[in-house]
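To start, the structure under review is shown below, and the notes come after it.
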Amino acid sequence: MTTTFYPGDAYPVVLGRLQDTFSDWLQQRRPSKILLLCDANTRRDCLSGFLAATGLPANTPVVEIPAGETYKHIQTCTSIWEQMLKAQLDRHALVINLGGGVIGDMGGFCAATWKRGVDFVQVPTTLLSMTDAAIGGKLGIDFQKVKNTIGVFQNPAAVFVDPVFLNTLPERELRSGFAEVIKHALIGAPELWEMIRDFTPEQLSACPQETWLNMLSQSIAVKVRIVTEDPHEKGIRMLLNYGHTIGHALESYFLETENPLTHGEAIAIGMLTESWVQHQRRAEQVPDAWIRLMLRIFPHRNIPLDIVPDIWQTMQQDKKNKAGKVRMTVPGNMELDMEVLEPSQEEVRDSLLFYNNL
Ligand SMILES: NC(=O)c1ccc[n+]([C@@H]2O[C@H](COP(=O)([O-])OP(=O)(O)OC[C@H]3O[C@@H](n4cnc5c(N)ncnc54)[C@H](O)[C@@H]3O)[C@@H](O)[C@H]2O)c1
C-alpha cells in the first residue's frame, strides 16, 4: 500500500515500497544526470537494495562521506561540492540523498546551493529521517559546535519513505528515531500516542512492516500538517522543537565527549526536562505514562549538573531565542497547540535534577 502526502501542495512524500513508485516518478523528471549521496554505512547497507528497487544502473555515480553528526560541517560540504564539480553536475541534474538526517540535511544543503540550486530527492534510511528530518525543507550543517546554524529552507523534489531500510538500522539508532515519533504523538496525534504508549524496546526492534507503515503514516501526517501551515517556522512549526532546546544543547555537549548521546536520546531528555519546567510552573506533574515510555526506550543517563553553565551557553545560541531570552516550545492544552517558555538557568538545572532523580 502506498500513501502520498503533499506538504503545502509542493512535493510528494511517498510512503510505501520504492519499487512501486520511484521509477515512474523518475521517468517523468528525466534529469540530465544523477548523483547519489551516501555515508559509509548507507553505502554498505542500503545502496544495493536502493538500486535494485529503483532500477537505477549499478554504475550510477556515488559520493560517499564518513558517517555521523561529527561530519555535518562545511569541510564535508566542500568535498561534496568538489565531487559535484568533477561530475559536471548542471542545473538539470538530480541529487539523491540516501541516508539519515545528516545525509538529508547536508546533501540537501549542498544541492540547494549548487549553481543556486539543483533538484534533490530525500530517501531517508533512519526512523528519525523518515518521520521527521526528510520532510519540511530544512537543510543545513553545524557550525562551531552549534547545531544546524548554517542552512536554508528549500523543498526537495520528492521524498520516498520505504521502511525496508529499517531492517539494517542499528537498534540504538532505531530508538533514537522513535523519540521523534513520540514527539509527534505528544504534540498532535492522540491515536498514535495510544498505539505507542506501552511500546517496549523488544517490540520496537521486532516491528513488522505493516506496523511501521501505520506508525509512520500517523507520524508523518503530523509533520506534514505543521510544515504546511508554517513552512518557514514563524509560528506553530516551532512546536517541532519540543525537547530540542535542552536536547540540542545536551547533544552538542556530549558530542565532544567519549560518550555521545544520539539525537533522539538527547531529545527524549529534552522533552522530559522541558515538560518538567512547564508542569512545575503550573504546579502539576509530568504525566507518568510519558516518563515510563521514555525510560523504557532510552537508557537513563546521569547528567552532571556542573555542565549546566556550558549547556546554558549553547542554549543562548538557539534559533528560537528572541531579544536575548532563551525560549523553548512545549505542547499546549490542545492538539497542535504550543506554549512558549523562557526558562531561567536555574529552572534548566532543576529540570536536569528532576531527570537525574527519575
Ligand atoms: N531537517 C530537519 O527538519 C531535521 C529534523 C530532525 C533532525 N534533523 C537532523 O537529523 C540528524 C540526525 O539524523 P539521524 O538520526 O538519521 O542520523 P544519521 O544520519 O547520522 O544516521 C544515524 C546512523 O545510522 C546510520 N544509518 C543510516 N541509515 C542506516 C541503515 N538503514 N542501515 C544501517 N545504518 C544506517 C548512519 O550511517 C549513521 O551512522 C541531525 O543532524 C539532526 O539535526 C533534521
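For this structure, a couple of remarks:
Quick grid of which residues meet (1) in the same structural domain as G235 (by TED's automatic domain parsing); (2) charged (D, E, K, R); (3) in contact with a Phe, Trp or Tyr (Cβ under 8 Å, 6 or more places away or on another chain); (4) touching a residue at least 40 places away in the same chain (Cβ under 8 Å):
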{"site": "W290", "(1), (2), (3), (4)": "yes, no, no, yes"}
{"site": "F298", "(1), (2), (3), (4)": "yes, no, no, yes"}
{"site": "P304", "(1), (2), (3), (4)": "yes, no, no, no"}
{"site": "K325", "(1), (2), (3), (4)": "yes, yes, no, no"}
{"site": "P331", "(1), (2), (3), (4)": "yes, no, yes, yes"}
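- Residue in region 77-101 that is farthest from the ligand (Cβ to nearest atom), counting only those that are of a type in the set (V, I, T) and without any contact (Cβ under 8 Å) to a residue 60 or more places away in the chain: T78
- Subset of region 239-259 [more than 16 Å from I135 (Cβ to Cβ) and either without any contact (Cβ under 8 Å) to a residue 12 or more places away in the chain or hydrophobic (A, V, I, L, M, F, W, C) (or both)]: I246, A249, L250, F254, L255, T257, E258, N259
- Of all residue pairs spaced 6 or more apart or on separate chains, those with beta-carbon atoms under 7 Å, a first member in region 102-116 that is within 21 Å of T262 (Cα to Cα) and a second member that is of a type in the set (S, T, Y) are I103/T42; G104/S129; M106/T76.
- Yes/no for G16 being within 16 Å of the ligand (Cβ to nearest atom) and under 19 Å from S129 (Cβ atoms): no
- Positions within region 102-119 being within 16 Å of the ligand (Cβ to nearest atom) and either more than 17 Å from the chain's Cα centre (by Cα) or of a type in the set (D, E) (or both), in sequence order: D105, C110, A111, A112, T113
- Unmet requirement for M328, which otherwise passes all of (1) farther than 24 Å from E233 by Cβ; (2) open to solvent by less than 30 Å² (accessible area, probe 1.4 Å): (1)
- Subset of region 243-264 [touching a Ser or Thr at 6+ places or on another chain (Cβ under 6 Å), under 15 Å from M294 (Cβ atoms) and part of a helix (DSSP H, G or I)]: I246, H263, G264
- Single condition S32 does not satisfy, out of (1) in a loop (DSSP other than H, G, I, E, B); (2) out of contact with any His (no Cβ under 7 Å at 6 or more places or on another chain): (2)
- Residue satisfying all of: in region 34-51; under 15 Å from G107 (Cβ atoms) and more than 7 Å from the ligand (Cβ to nearest atom); most open to solvent (accessible area, probe 1.4 Å) among these: R43
- Entry remark, region 245-256: residues being open to solvent by 10 Å² or more (accessible area, probe 1.4 Å) and either within 20 Å of P12 (Cβ to Cβ) or touching a Gly at 6+ places or on another chain (Cβ under 8 Å) (or both) number 1 in total.
- Criterion: modelled with pLDDT of 95 or more, open to solvent by 10 Å² or more (accessible area, probe 1.4 Å) and either within 24 Å of S219 (Cα to Cα) or β-branched (V, I, T) (or both) - qualifying residue of T131, T70, T126: T126
The values are calculated or read from the model by the stated rules, or taken from the named source; none is laboratory data. Fair warning: this is a prediction, and the values are worked out from it, not measured in the lab. Positions of Cβ are generated from backbone atoms using ideal geometry, with glycine treated the same way; all protein chains shown enter the neighbour counts. Ligands, DNA and RNA are stripped out before the accessible areas are found, and what is left, the full protein with its side chains, is counted by its heavy atoms. Shrake-Rupley method; radii C 1.70, N 1.55, O 1.52, S 1.80 Å.
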